[in-house]
Amino acid sequence: MKEQFYQELLFLAPDAESAHFLLAVSGGRDSVVLAHLFANYGLNFDVAHCNFHLRGGESNKEMFFVQNLPFLTTQKVFVKEFNTMAIQQKSGKSIEMVARELRYQWFEEIGENYDYIVTAHHANDNTETVLMNLLRGTGLRGMCGIPQKNGKIIRPLLRFSNSVIERYVREQEIDFCIDSSNLTDEFLRNKIRHHVIPELEKINPNFIEIFSKNSNLFLQQTKFFDAQVQQYKKQLLKETEGRISIPIDALKDDENRSLILYEILNPFGFNADDVENILKSIDATPGKQFLSDTHILIKDRTHFIIEKKEEKNDEGIIINSIEELEKYGFLVEKISCDSNFKLLKSPNVIYVDTKKLIFPLTIRNWKKGDYFYPFGMKTKKKLSDFFTDLKVDLLEKQKIRLLCSGNQIVWIINYRADDRFRIDEKTEFCYSLTT
């Protein structure tokens, strides 16, 4: 095993002879073997140990065991203790997930001064992970299992089975700690380890080896698949100021549209069921909305439009004085409307007769039924009709804000002013409001 291990390490870390490694060592068999192999090759490494305090005195025993490993001579042993149960209760996540997040977060923090962070995952761990993914429901990526390399994190034992590691332990007479929680069937992983894999090995004694090869094949296929997905994204997606649009006609013509749309939308939090419902809306009337935890997707006339959710204040913002507008991004100037006064024509600027503006003002979202008198017109118009005339898409409509005086709209901000507040021949002073 020693020679094979070193070849795996060189594949993952070609500079192994000069590199500085940080090893994650729990005190269990696999991580102790990892440290033993590194020590035998005289590599430059230190050790990191997490004490999650989940098993009472057993957790402390493992911590002291790691701190006193006999083959650690010049190596540093970093120890981090966590009140894991308290953290888990606040998070609402499973205890396994919380421990994993705490572990890797700490490894990254202290690993900044190291070239590589090394964990002791092996082939059986990988098989268990893939089987768990299958039971929960997974795609091609879930079949790839645990990556051998992920940034600075490497796993040189990933190609070795449980039986190979066990043989090394016997040959080298290595002592290690036994985690009692691994002996129960409380967790899904343990059930797979104790019952499922042994039955599969009865059918095929080389099951783990074959599974590892298949997992590597799935990884290669996934890389090829991801490259194709990126090509589709380049062709289909158009991003403008944080908004992403997908042409509906292009999806209609593609027999793989369900798979393609899933790959496009999944990073925005949409799942397979969402994608199915979105595709059903292709021929529906524009306006259908779909929500993920982080994004909103709207079926417009010719495109699906995706944008990050924004917090909305339906009550609006109350403005008690003209000076307060500057707090909300407006540039305000009071101007004398004498013979030298000239209007600047821009959708980002309005001029309002100071006597016509009644406080408090309100900045709010537009709503159904809103109307105004478009600048230059003496008849009122519904905002919904105004937006339709301008062909404002549905997501853009949701961003539009109004400046109001009482129940009257002063300005559809950055679109059109209301004629009722315009300056006229009687106006002495006006406010210019610029966004």
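The values are calculated or read from the model by the stated rules, or taken from the named source; none is laboratory data. Only a predicted model underlies this, so the values are computations on that prediction, with no experimental measurement involved. For neighbour counting, all protein chains shown are included, and Cβ atoms are generated from backbone atoms with ideal geometry for every residue, glycine included. Side chains included, ligands, DNA and RNA excluded: accessible areas come from the protein's heavy atoms. Shrake-Rupley method; radii C 1.70, N 1.55, O 1.52, S 1.80 Å.
One table, with the values for the structure above:
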| quantity | calculated |
| --- | --- |
| The range 152-192 - charge dipole about Cα centre, Lys and Arg +1 at Cβ, Asp and Glu -1, debye rounded to 20 | 380 debye |
| Positive-end extreme of charge dipole, the range 288-435 - chosen from Trp411, Met377, Thr362 (charges on Cβ) | Met377 |
| Cut-off under 5 Å, modelled amide H: who pairs with Ser161 long-range | Ala123 |
| Among Ser336, Ile296, Leu237 - extreme Cα towards positive end, dipole of the range 232-342, charges at beta-carbon | Leu237 |
| Sparsely packed GluC sites (Glu not before Pro) within the range 137-205, loop by DSSP, other Cβ within 10 Å at most 15 | Glu173, Glu186 |
| Violating pairs (Cα-Cα greater than 27 angstrom) within the set Lys299/Lys327; Lys2/Lys80; Lys234/Lys299 | Lys299/Lys327; Lys2/Lys80 |
| Whether the range 135-290 is rounded, prolate or oblate, judged on the alpha carbon gyration tensor where a/c under 1.5 counts as rounded | prolate |
| Sorted largest first, extent of the range 1-49 alpha carbons per principal axis (Å) | 27, 22, 17 |
| Where the Cα pairs of the range 250-336 fall when distances are cut into 10 Å bins, in % | 14, 35, 17, 15, 14, 5, 0 |
| Surface per residue (accessible, 1.4 Å probe) for the range 167-220, Å² | 69 Å² |
| The chain, dipole about Cα centre (Lys/Arg Cβ +1, Asp/Glu Cβ -1), debye to the nearest 20 | 1520 debye |
| Mean separation of Cα contacts under 8 Å (6+ apart) over length of the range 16-90, as relative contact order % | 33 percent |
| Under-5 Å amide H pairs with Trp366, H placed in peptide plane, nonlocal only | Leu402 |
| Average accessible surface area per residue within the range 277-398, 1.4 Å rolling probe, Å² | 65 Å² |
| Under Karplus coefficients 6.51, -1.76 and 1.60, residue-wise ³J(HN,Hα) of the range 271-282 in Hz, glycine/proline x | 9, 4, 5, 4, 4, 4, 5, 5, 5, 5, 8, 3 |
| Solvent-accessible area, 1.4 Å probe, carbon plus sulfur percent, for the range 47-191 | 49 percent |
| Reciprocal of mean inverse Cα separation for the range 285-393 (Kirkwood radius, Å) | 17.6 Å |
| Whole-number percent relative contact order across the range 281-421, with pairs defined as alpha carbons under 8 Å at least 6 apart | 21 percent |
| Expected 222 nm ellipticity per residue - DSSP helices of 4 or more, -39500 (n - 2.57), all of the chain, to 500 | -11000 deg cm²/dmol |
| Cα-based helix-to-principal-axis angle, 123-136 vs the chain, degrees rounded to 10 | 40 degrees |
| Among Val229, Val79, Val332, residue whose mean-square fluctuation peaks in a GNM of the chain (springs only between Cα atoms under 10 Å) | Val332 |
| Dipole of the chain [Lys/Arg +1, Asp/Glu -1 at C-beta], most positive-end residue of Thr74, Leu158, Leu395 | Leu395 |
| Amide H contacts under 5 Å for Ile409, placed H, 5+ residues apart | none |
| Average Cα contact separation per residue, the chain, under 8 Å, 6 or more apart, as relative contact order % | 11 percent |
| The range 304-435 - percent of accessible surface contributed by carbon and sulfur, probe 1.4 Å | 49 percent |
| Per-bin percent of Cα-Cα distances, the range 40-110 [10 Å] | 18, 44, 29, 9, 1 |
| Cα-only Debye scattering, the chain: base-10 log of I(q)/I(0) at q = 0.08, 0.14 Å⁻¹ | -0.71, -1.24 |
| Whole-number accessible area per residue in Å² for the range 1-92, which is evaluated in the context of all protein chains at 1.4 Å | 49 Å² |
| At most 14 other Cβ within 10 Å, DSSP loop - trypsin sites (Lys or Arg not before Pro), the range 4-66 | Arg55 |
| Computed magnitude of the charge dipole of the range 58-102 (debye, nearest 20; Cβ of K, R +1, Cβ of D, E -1) | 140 debye |
| Acute angle (nearest 10 degrees) that the helix 2-12 long axis makes with the longest principal axis of the chain, alpha-carbon atoms | 20 degrees |
| Restricting the range 41-75 to chymotrypsin sites (Phe, Trp or Tyr not before Pro) in coil, as DSSP defines it, with at most 16 other Cβ within 10 Å | Tyr41, Phe71 |
| Gain on full stretching of the segment that runs from Glu209 to Asn133 - 0.36 nm per residue minus C-alpha separation | 25.5 nm |
